[in-house]
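All remarks here apply to the structure that follows.
The values are calculated or read from the model by the stated rules, or taken from the named source; none is laboratory data. Only a predicted model underlies this, so the values are computations on that prediction, with no experimental measurement involved. No Cβ is skipped: glycine too gets one built from the backbone with ideal geometry, and neighbour counts run over all protein chains shown. Quick note on the areas: whole protein, heavy atoms, side chains included, nothing else; ligands and nucleic acids left out. Shrake-Rupley method; radii C 1.70, N 1.55, O 1.52, S 1.80 Å.
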Amino acid sequence: MAHHRLEKETVVQLARALGFELVGVAPAENADGFERLAEWLDQGCAGEMEYMNRQREARRHPASILPEVRSVVMVGLNYRPAHFPARPGKIARYALGWDYHDVLRDKLNRLLEQIQTRHPEVRGRGVVDTAPLLERDFARRAGLGWIGKNTMLLHKRLGSYLFLGALLLDVPLEADEPFGRFHCGTCTACLDACPTQAFTAPGKLDARLCISYLTIEKKGAVPLELRPGLGDWIFGCDVCQEVCPWNRKSPVGLEPLLQPRPEYEGHDLLTLAQLSESAFHSLFRGTPIFRTKRRHFVRNVLLVLGNVGGRSALDILRALCDDAEEVVREAADWAIKRIEQRHPLAE
């Protein structure tokens, strides 16, 4: 009995029904940005992200993930929060909800199951950013948007607060027209606003200077000269997205699991600085922040206290000079010196 071929329209309808605002199809070919990635890695811009080098060759072609891949279905999910918790100690918007890896992977697996219910012969694999795929390249190739000067994928209506996922399939689907236009024009808002000047050129980010890298990927101590630039970001950074004109009118995300968790409200810096291992686990398990581990998260909080804290923080900081983790002790010591410089005791 002849099988009806899987139609692209079916995939698009199923993906939209699962809540993906953007859906497009790219052919499974070499990633167009691979040479640029190789050059970026050779210049050391990935810092301590060793996995980027280890997976370098795998990023050349999606067959490294699914050998028989013929099509790459790219999806986008808007995570813009309805509100942003207003307190010192900022967390990047993407990390305010539940872990997007789980949310997207679940939806992609459901999409594959629904396709296989109709077409049992189809093989596929859903991937989020833990797999070696240059998602933004394939998203642009699938017509979802352009890659902006801040290296983010930008969409005219949805802006850049987007999670990208991919469903690799072993069947050829009709491909979308690649997104060929570039709508950043002469605007350099993102490049100018970066507190640590992490953009070395439009579209080129030196991760070693990026606040997101320093607060999430960087192990050990943050370089002294970069600490003031962290401002009050304790996890990640949204500055280059906050200033982007394309985000001015972008709509709020519709996926409840990605909206800010109420547990984040009402936690001030001094409470977060004193989190024990078990308190850190219970507050952040199931969220992107859990990945950083307690020692790096508390390190970030202490660096922010050093930047914006007052003398009321000194007792807690002094106690943390005896913490079991060296990276915490060092950050506490630095924060005390910064606060005492900024707020000397009256003579």
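Within region 123-151, the set of residues being part of a loop (DSSP other than H, G, I, E, B) and either of a type in the set (Asp, Glu) or buried (at least 22 other Cβ atoms within 10 Å of the Cβ) (or both) comprises 129, 133, 142, 144, 145, 148, 149, 150. For region 292-343, the set of residues classified as of a type in the set (Gly, Ala, Ser) and either over 29 Å from the mean Cα position of the chain (by Cα) or open to solvent by 10 Å² or more (accessible area, probe 1.4 Å) (or both) consists of 310, 312, 313, 319, 324, listed by residue number. Scanning region 85-103 for residues being over 13 Å from the mean Cα position of the chain (by Cα) and aliphatic (A, V, I, L, M) gives a total of 2.
Can you spot a residue in region 62-84 that is more than 30 Å from residue 230 (Cα to Cα), open to solvent by 30 Å² or more (accessible area, probe 1.4 Å), in contact (Cβ under 8 Å) with a residue 24 or more places away in the chain and of a type in the set (A, V, I, L, M, F, W, C)?
The first filter runs over region 62-84 and keeps only residues more than 30 Å from residue 230 (Cα to Cα), leaving 62-75.
Checking which are open to solvent by 30 Å² or more (accessible area, probe 1.4 Å) leaves us with 63-64, 67-68, 70.
Then drop every residue that is not in contact (Cβ under 8 Å) with a residue 24 or more places away in the chain, which leaves 63-64, 68, 70.
Retained after the next criterion (residues that are of a type in the set (A, V, I, L, M, F, W, C)): 63.
Among the residues of region 62-84, at least one is more than 30 Å from residue 230 (Cα to Cα), open to solvent by 30 Å² or more (accessible area, probe 1.4 Å), in contact (Cβ under 8 Å) with a residue 24 or more places away in the chain and of a type in the set (A, V, I, L, M, F, W, C), which makes the answer yes.
When you look at residue 94, is it assigned to a helix (DSSP H, G or I), buried (at least 18 other Cβ atoms within 10 Å of the Cβ) and among the aromatic types (Phe, Trp, Tyr), yes or no? Taking the combined requirement at face value, the residue satisfies it.
From the list 37, 22, 41, the lone residue that is in contact (Cβ under 8 Å) with a residue 12 or more places away in the chain, surrounded by fewer than 20 Cβ atoms within 10 Å (Cβ to Cβ), farther than 20 Å from residue 289 by Cβ and touching a Leu at 6+ places or on another chain (Cβ under 7 Å) is 37.
Scanning region 249-265 for residues that are closer than 14 Å to residue 89 by Cα and either part of a helix (DSSP H, G or I) or free of Cβ contacts under 8 Å to residues at least 24 places away in the same chain (or both) yields a count of 1. Within region 152-169, the only residue that satisfies the criterion of being in contact with a Leu (Cβ under 7 Å, 6 or more places away or on another chain) and open to solvent by 30 Å² or more (accessible area, probe 1.4 Å) is 155. Within region 306-328, the set of residues being closer than 20 Å to residue 268 by Cα and of a type outside the set (A, V, I, L, M, F, W, C) comprises 306, 307, 309, 310, 311, 312, 315, 318, 323.
Taking residue 245 as the residue in question, decide whether it is touching a residue at least 12 places away in the same chain (Cβ under 8 Å), out of contact with any Gly (no Cβ under 8 Å at 6 or more places or on another chain) and farther than 26 Å from residue 313 by Cβ. Against the criterion (touching a residue at least 12 places away in the same chain (Cβ under 8 Å), out of contact with any Gly (no Cβ under 8 Å at 6 or more places or on another chain) and farther than 26 Å from residue 313 by Cβ), residue 245 qualifies. If a residue must be within 24 Å of residue 288 (Cβ to Cβ) and of a type in the set (D, E, K, R), how many such residues does region 57-93 contain? Adding up the residues that qualify gives 5. Condition check: open to solvent by less than 10 Å² (accessible area, probe 1.4 Å), within 25 Å of residue 334 (Cβ to Cβ), without any contact (Cβ under 8 Å) to a residue 60 or more places away in the chain and assigned to a helix (DSSP H, G or I). Does residue 280 satisfy that? Judged against the criteria, residue 280 is a match.
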